[in-house]
Amino acid sequence: MQQASKISVIITTYNRPDALAAVLEACFCQDDNQFEIIIADDGSTHNTRQCVENLKRRSPVPLLHVWQPDEGFRAARARNQGILAASGDYIIFLDGDCMPQPNFISQHRKLARPGYLVTGSRVLLSPGYTLRLLAERLSLRGLTVWDKLKLRLTGDLNKFLQTVLTLPNFGRESRRFSWRRIKSCNLGVWRSDLTTVNGFDESFQGWGHEDSDLVVRLFNAGVMRKEGAFATEVYHLWHKENERSLEDRNRHIVLQRAADKTVRAAQGLQSQTPANSAPAPQAVPPGVRPAAQASLAAANGS
């Protein structure tokens, strides 16, 4: 069976350097260091650039920061830019607020199988525990079983068994496909399959379902699903929900493409030129997207 010779981890981020630093620290502590990290930055300010530069000096693996101007929520384009910059034959998508466990890479490598994508799962952290973890720069690596049980009982974790139990690599394949259960915050895909479907569709506007669209088209191309639960869990740092005014529109597009058996994105990898490898300093305050309102107005026809 073909093995993933090199893994590229593509981490999306936008103006949350404290969370990104926690995620990178967790990536630096993996029991498998045969991978590279690509930061796919959707227009963050200089604070994120400084964070990455500081951590790059002691990264045990190659670390590249790919940045694009802030023109509203463009996660699909940011991920495509990450794919173009990556050198691995197997891509793991991770969000900049999802901290991997120490065996995250090695487990994804074990589960990788040609013709399949791997859908990882996440463990949600409470708002209070997230704030404490980031403020005190706590590590989750040293948590004991009893520590995790206590956090579960206090509501600071929404799952327990998935954090302490790893199930073997059999019986994980499924020919039944539900795009609603698959998220790009923890997703493993062969680069060749991403090329087949032309990557993420950059025509999606605003938050929601650009990752669902990708997996629908992968399924239409013949790619099956492997379940990564109880093997590839990540800890999802709490955050306020994104603005979701275009979610219904995007969901309708996904349903239509599932019905039409669409495979390739019209506006995807092949329509791109490489992004900047580092951002110019920006004066926009963190959390503010200068083009967001204009993008929403255009999408709504106003």
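Per-structure values
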item: Under-5 Å amide H pairs with LYS159, H placed in peptide plane, nonlocal only; result: LEU124
item: Estimated vicinal HN-Hα couplings, Hz - the range 157-165 in sequence order (Karplus 6.51, -1.76, 1.60; Gly, Pro = x); result: 10, 9, 9, 10, 4, 5, 8, 10, 10
item: Extended-chain gain in nm, criterion 0.36 nm per residue less alpha-carbon gap, PHE170 and LEU255; result: 27.5 nm
item: Projected area, mean over directions - the chain, Cα convex hull, nm²; result: 15.3
item: For ILE37, residues with placed amide H under 5 Å, excluding near neighbours; result: VAL9, LEU63, LEU64
item: Radius of gyration and maximum dimension Dmax of the range 75-127, Cα, Å; result: 12.8, 38
item: Share of pairwise Cα separations in the range 160-237, more than 22 Å, in percent; result: 30
item: For the range 45-120 and the range 154-177, distance of Cα centres in Å; result: 22
item: Full-stretch length increase - GLN34, SER126 - with 0.36 nm per residue and alpha-carbon distance subtracted; result: 29.9 nm
item: Rg(Cα)/(2.2 N^0.38 Å) for the range 1-145, N = residue count; result: 1.03
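Where a number appears in this text, it was derived from the coordinates with a stated rule and is not lab data. This structure is a prediction, so every number in the text was calculated from the model and none was measured.
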